[in-house]
Number of protein chains: 2
Amino acid sequence: MKIFLAQQNYHIGNFESNRQKIIEAIETAKQQGGDLIVFSEMSVCGYPARDFVEFNDFINKCYESIDIIKQHADTIGVLVGSPARNKITKGKDLFNAAFFLYEKEVKAAIHKTCLPTYDVFDEYRYFEPAYHWNVIEFKGKKLAVTICEDIWNLGNNPLYRICPMDELMKQQPDVMINLSASPFDYTHAEDRKSVVRENVLKYKLPMFYCNAVGSQTEIVFDGGSVMYDKHGNLCKALPLFEEALESVVLNNDGTLAAPVVEPADKIFDTEFIPSSLNENLNIHQVYTALIFGIKDYFKKMGFTKAILGSSGGIDSAVTLALACEALGKENVRAVLMPSPYSTEHSVNDAVDLSKNLGNPYDIIKINNIYESFLSTLQPVFTNLPFGLAEENMQSRIRGNLLMAIANKFGYILLNTSNKSELSTGYGTLYGDMAGGLGVLGDCYKLQVYALAKYINERNLPAGRQVIPTNIIDKAPSAELRPNQKDSDSLPDYNVLDKILYQYIELRKGPDEIKAKGFDGALVDRTLKMVNANEYKRNQFCPIIRVSPKAFGVGRRVPIVGKYLS
Amino acid sequence: MKIFLAQQNYHIGNFESNRQKIIEAIETAKQQGGDLIVFSEMSVCGYPARDFVEFNDFINKCYESIDIIKQHADTIGVLVGSPARNKITKGKDLFNAAFFLYEKEVKAAIHKTCLPTYDVFDEYRYFEPAYHWNVIEFKGKKLAVTICEDIWNLGNNPLYRICPMDELMKQQPDVMINLSASPFDYTHAEDRKSVVRENVLKYKLPMFYCNAVGSQTEIVFDGGSVMYDKHGNLCKALPLFEEALESVVLNNDGTLAAPVVEPADKIFDTEFIPSSLNENLNIHQVYTALIFGIKDYFKKMGFTKAILGSSGGIDSAVTLALACEALGKENVRAVLMPSPYSTEHSVNDAVDLSKNLGNPYDIIKINNIYESFLSTLQPVFTNLPFGLAEENMQSRIRGNLLMAIANKFGYILLNTSNKSELSTGYGTLYGDMAGGLGVLGDCYKLQVYALAKYINERNLPAGRQVIPTNIIDKAPSAELRPNQKDSDSLPDYNVLDKILYQYIELRKGPDEIKAKGFDGALVDRTLKMVNANEYKRNQFCPIIRVSPKAFGVGRRVPIVGKYLS
């Protein structure tokens, strides 16, 4: 039996485009003698469609797509993801389903059992879990079909009471097939292979695992679909961060007619949690995910050109370099907006950066506008001393200038805030927190430095200096008052980032963090900053998610609260 | 048996303050001969605590509170809400629980079965549903204790497969007790009484129903706890929007030793959905909820003073009137910021308004700042014609001025955007969309007019004119270019609001809305505006929720999508 995996990039709600991709892959697979083709979870509508699935009209359109696609499933079996209506009158109205199409008919519908409802996932918001399990009989084989999370319910403390593969095993299946929409984070690609292999070794069956690829606002789906033989050997691995269509013949003995890529005895640590920041961090994958996240966001939104404020600091430098790589240097406009408190080296560094990258840039002094604000506000401010109000004012003038140019010429403003700043509230709402997409919002300051070094090393063979050394070496500063340094307001990033990681990624409480040897007062102060600034993050743009716990849709914390704040 | 209901306002994560309230009520009830006292759902930590419950430290603090509270539960039984750990190794780690405290011990823990995971609710994100059900035996009576949603699983198409009261009935209970955190919307107070009564009539048991009160960021809990006898008569109704502690003696025959407030035969329409906008809208309740929402937000955040931009339009006028009522007129500063395109009557109307209200106001012309932006940008904009960029620029100058004054003097900026504007994206990010709390973001333009008229009528007996007639009567305009009117860009609000209501509240698709007689092209254009502007709403502040479907945490729509857009 020749089985194809179609790893595709869907556009949420764009039924025509998704359908066309699906049909093209079916036709290709048919031409190449395929018996079965597997698509990823929710392929007809894209994942996650969120509250769109609450619209009957949206579900009708999913069913229309299934109806059109099934006409192409004549001699080939097709497994395609879609919401399905719950026909009984108890429970939620929908299932998260895989439709099995063959002989131009819907032959079966498989419902997802384990509904991820944590972090960025909200599936129980929409779907009823399955409570019947049946294999699909097809060309003499029994297919055990599951959907994404269904195969993740492993270990000694499983998240769900029911394990659907245990149920399906009662019917002696021949092969496991899984339709997934499993997103990237810097621990997840290896996790995913481990989980697939663990299932293979537990059930002693081959597995065809098809994942989605594509960036959906903040969530990056990285593909990496795999085919394992029943002995736990990886025989085919589809690429990361790109579409692919691959096939392998499944032999009757549960082996695959393809060479082993990675043998079964390779050890995976399925309990992998990075014990400290950057340990095991695959910086190349993070870099690739960010580029992909920018590129796909622009493509799906129909945008081509980006703008950003280039301050001469490390965050805007890395964002600019990533954006030039993703969108083409000619499509990224850097705007340098020195204020009376900007140092000359900052402007020079930012100019050098854009000269290295070859992207267009402007220098626009904000002094006159700043003066006009001060004189307009003089009757209100009278002779009160310079303070936070004047600092934020400068940042917001820059936000206004960037948005004005963006509005005038059709740019999208990229935000350059890093995760350390967002955690502590070290940023100005409507100023440097403005923008349509947060490129570095899921990277701590130390990780931004790691990215800068990676970008420079990557370009070394071509003899090209990208990010000027001075930008990497100098002490970080917002330059909103004379001689300002980040370290005036924030703990050293070497300590801060590690405390933040314990609190945000690992969800450790103050006592647990202090027990690791961090200064008690510093821990309390840091956690208080994090919790007291939830109101700022609440108004922040989507952030490209690269860690297991990003700010945004996957982290939901009350604004009005009094916990550690 | 004398039973107390303690309807209290908790501060999320403020364990000391919540505990103190709970203990005070227990002591009062003891002094008054109470046998049992019932608190609302999640009383020890506040509801919804959201991802705070993912912190082991937070759960420890809940258990510490239970330990302290139980020392006061000596001669009185206490039912108090808290997360509880799941001691088996399958499923989620927590339950949403009610602890029964008596004789200084935890005698029982009841777990919630029906976990709302829709709109603003995320309970299955955190909690495992109950799968054992037992009554609590106390002083010769069997108590059937449920938590909030547990009693809402009624009708012909119930949302959950299991109905916990059906299970509890197998043990012949004597009385139903429900701990709730059920929020306000303009349909919900009546719904809630209907549901309680429906349970009473179905199970033929008296019901003591204790709801939380208090505003939690965007969600307003309105109290309205009730006690019903077994015949379906309402015998005690606690007030809306305020704390209360009330008791009634439950007789052995299931009647209550209190006069009937509302007889069992009063008809409630449990399928109540307003078929058109404003129909059955209880404007007094909406007004009260908004005042309460502002007041409690400020109190819990530790703020006292608000600022807002007063344009002479209806939205800022209503927001200002509400804020003066909630915070005291001396604590609300209005800033009038005319631009070159502002009409004289707008400034006059805004001045009249503040004179009527008696609140402080400033007039700050933005002309000089606007000129300095234009001249600074001249090298970039060259001689391109006036357009959206220049319009938004003015709005963002105002945002910057308001934030500057707020930062300087410690005000919180109130946002004045209405739901019609937010729906269609008719607003400027970082400009008039700035602010810490959206007062009118869940009220369509027509509802804002209704509020304005209500506020004026409310003040008529005192002979006080609040909102000048001119503000109510003139055509709405953003005044960002000469002779601009909202109707240049938007459909007439009389039609627009009705289409929006069909789409947002009722989740009707385009065909269904057109079938109601709305113009097809107008429907398509409106839905496209709604969906294409998700990115703007994503960066908006929390909105006080008064409808069954508010923008914000209760409506989750992809930004990158292509559905009806």
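Observations
- Looking at segment B:77-156, the GluC sites (Glu not before Pro) that sit in a DSSP loop and have at most 13 other Cβ atoms within 10 Å of their own Cβ are B:E103.
- Helical content of chain B, expressed as a calculated mean residue ellipticity at 222 nm, amounts to -11000 deg cm²/dmol (DSSP H runs of 4 or more residues, -39,500 (n - 2.57) each, divided by residue number, nearest 500).
- A simple spin-label model places pseudo-atoms 7 Å from Cα toward Cβ; at A:K90 and B:V495 they are separated by 4.8 nm.
- Distances between copies of A:K453, taken at a point 7 Å out from Cα along the Cα→Cβ vector and listed shortest first: 6.8 nm.
- For segment A:292-379, the set of chymotrypsin sites (Phe, Trp or Tyr not before Pro) satisfying both a DSSP loop assignment and a count of at most 16 other C-beta atoms within 10 Å is given as A:F303.
- When only alpha carbons of segment B:332-419 are considered, Rg and Dmax amount to 14.9, 46 Å.
- Spatial offset of segment A:178-225 relative to segment A:362-397 amounts to 51 Å, using the alpha carbon center of each.
- Dipole check for segment B:283-490: with +1 at the C-beta of Lys and Arg, -1 at the C-beta of Asp and Glu, and the Cα centre as origin, the magnitude is about 600 Debye.
- Residue among A:A532, A:L414, B:A237 farthest towards the positive dipole end of the protein assembly as shown, charges placed on Cβ: B:A237
- Near A:L413, the amide H atoms lying under 5 Å from its own belong to A:I307, A:G436; only residues 5 or more places off or on other chains count, and H is placed 1.01 Å from N.
- In segment B:128-193, one over the average inverse separation of all distinct C-alpha pairs is 13.2 Å, which is the Kirkwood hydrodynamic radius.
- Options B:I369, B:C114, B:M433, ranked by Cα towards positive dipole end of chain B, top entry (Cβ charges): B:C114
- Computed from label points 7 Å out along Cα-Cβ, the spacing between B:Q172 and A:F386 is 8.3 nm.
- Rounded to the nearest 10 degrees, the inclination of helix A:493-504 to the longest alpha-carbon principal axis of chain A is 40 degrees.
- Projecting the Cα positions of B:L5, B:A49, B:T217 onto the charge dipole of segment B:2-249 (unit charges on Cβ atoms of Lys, Arg, Asp and Glu, taken about the Cα centre) puts B:L5 furthest along the positive direction.
- Net charge, A:G387 excluded, C-beta distance under 10 Å - Lys, Arg +1, Asp, Glu -1: 0
- Among the listed pairs A:K104/A:K170; B:K87/B:K295; B:K90/B:K236, those with a Cα-Cα distance over 31 Å are B:K87/B:K295; B:K90/B:K236.
- Two-site label geometry, A:T304 and B:Q378: point separation in nm, points 7 Å out along Cα→Cβ: 3.1 nm
- Within segment B:217-248: backbone nitrogen closer than 13 Å to the B:H284 label point (7 Å, Cα to C-beta): B:240
- With respect to chain B, whose longest principal axis is taken over its alpha-carbon atoms, helix B:344-357 is tilted by about 30°.
- Residue-count net charge about A:L402 - beta-carbon cut-off 14 Å; Lys, Arg +1, Asp, Glu -1: +4
- Rg and Dmax [Cα atoms of chain B; Å; Rg one decimal, Dmax integer]: 25.8, 87
- Charged-residue dipole, Cβ positions (Lys, Arg, Asp, Glu), the protein assembly as shown about Cα centre, Debye nearest 20: 200 debye
- Axis angle, to the nearest 10 degrees, between helix B:367-381 and the longest C-alpha principal axis of chain B: 80 degrees.
- With label points set 7 Å from Cα along Cα→Cβ, the inter-copy distances at A:P239 are 6.8 nm, sorted shortest first.
- In segment B:458-565, trypsin sites (Lys or Arg not before Pro) in a DSSP loop with at most 15 other beta-carbon atoms within 10 Å: B:R464, B:K485, B:K516
- Rounded to the nearest 20 debye, dipole of chain A from Cβ charges on Lys, Arg, Asp, Glu: 500 debye
- Calculated on C-alpha atoms, the gyration radius of segment B:2-249 divided by its Kirkwood radius gives an Rg/Rh of 0.92.
- Packing-based exposure ordering (other Cβ within 10 Å, fewest first) of B:C235, B:C443: B:C235, B:C443
- Pairwise centroid distance, computed over Cα atoms, of segment A:80-94 with segment A:509-565, Å: 37 Å
- Projected onto their three principal axes, the Cα atoms of the protein assembly as shown cover extents of 83, 77, 67 Å, largest first.
- Position A:S17, label points 7 Å along Cα→Cβ, spacing to each other copy in nm (shortest first, one decimal): 4.7
- Within-10-Å neighbourhood charge of B:I12 [Cβ basis; K, R +1; D, E -1]: +3
No lab work stands behind these numbers, since they all come straight from the coordinates. Note that the structure is a prediction, hence the values are computed from the model and not measured. Using ideal geometry, Cβ is built from the backbone for each residue, glycine included, and neighbour counts are taken over all protein chains shown.
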